[in-house]
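Scroll down for the structure; my scribbles are underneath it.
The values are calculated or read from the model by the stated rules, or taken from the named source; none is laboratory data. Not measured: the values here are computed from a predicted model. Positions of Cβ are generated from backbone atoms using ideal geometry, with glycine treated the same way; all protein chains shown enter the neighbour counts.
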Amino acid sequence: MDLLAFARRIGLVFLLSAVALCFSAAAAEMQATGIVLPLVDVTLSAPVPGILTSRKFEEGAVVKSGDVLLELDNQLERLEVERRKIVRDQKQVDFEGTKNLFNATKGVSKEELEIKEAEYRVAVVEYDIAVEQLRRRQVIAPHAGVIAQIAIEVGESCSAYQGLIRVVDTSQCYLVASVEAPQGARLKKDQDVKMEIDNGGEKAAVSGKVFFISPWLIRRAACKK
């Protein structure tokens, strides 16, 4: 089953009750109730303060990795990128012209050529810095997922690293459940399990594996032997 499509259908962005049927090595069945959580649940922020000028998506939208989700005011940064681009292009023309002249006629000194090259390289770096400053005015999705919450409206200001938008990847989920220590002692890492997701009367069966067993549970089981 496509977990992303399944999660969108039953709303796994929110906590749901679930029942996991875990089979031990002896094929003895045990049952535990828990909650389903997305494997990746991140709250994104911008590294600079600013005023929100654009929300590219709304809550509940499915986004891809690399999508621009929010934009802060960036007119000054855009102008700086354009200015640095003009300077970079001009320095490149100067450097290439000087290089061609040096190679063809030796009409300029090697020192002058090196100065032109250094000026061009500095211009390239300054342009890249301006591009990075502009990029920092955007909040970009680090992975595919669903927008679970947007904590800011257009026109509102935010501080650096303030939580702005929550993105949940429901392509993989995990079940957190509590079991009695004697039962937990029969579980093994990577053991196959069957889960039954309850969505208010409608149930769906999915398969999974045990990927973590609490050390505290193991200690408790050892104490009860």
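Considering region 93-118, and only residues there that are aliphatic (A, V, I, L, M) and in a helix (DSSP H, G or I), the residue that is surrounded by the fewest Cβ atoms within 10 Å (Cβ to Cβ) turns out to be ALA104.
The criterion of at least 3 residues that are of a type outside the set (A, V, I, L, M) and at pLDDT 80 or above is met by the following strands (runs of 3 or more DSSP E) wholly inside region 119-225: 165-177, 202-209. Going by the conditions given, is SER171 loosely packed, with under 13 Cβ neighbours inside 10 Å and not charged (D, E, K, R)? Here the answer is no, as SER171 does not meet what is asked. Of all residues in region 97-121, those satisfying the criterion of being without any contact (Cβ under 8 Å) to a residue 24 or more places away in the chain, touching a helix residue (DSSP H, G or I) at 6+ places or on another chain (Cβ under 8 Å) and not hydroxyl-bearing (Ser, Thr, Tyr) are LYS99, PHE102, GLY107, VAL108, LYS110, GLU112, LEU113, GLU117. Pairing each residue of region 172-188 that is farther than 9 Å from ALA32 by Cβ with any residue that is among the β-branched types (Val, Ile, Thr) and modelled with pLDDT of 75 or more, provided the two are 6+ apart or on different chains, yields C-beta distances under 6 Å for CYS173/VAL36; VAL176/ILE35; LEU187/VAL210; LEU187/ILE213.
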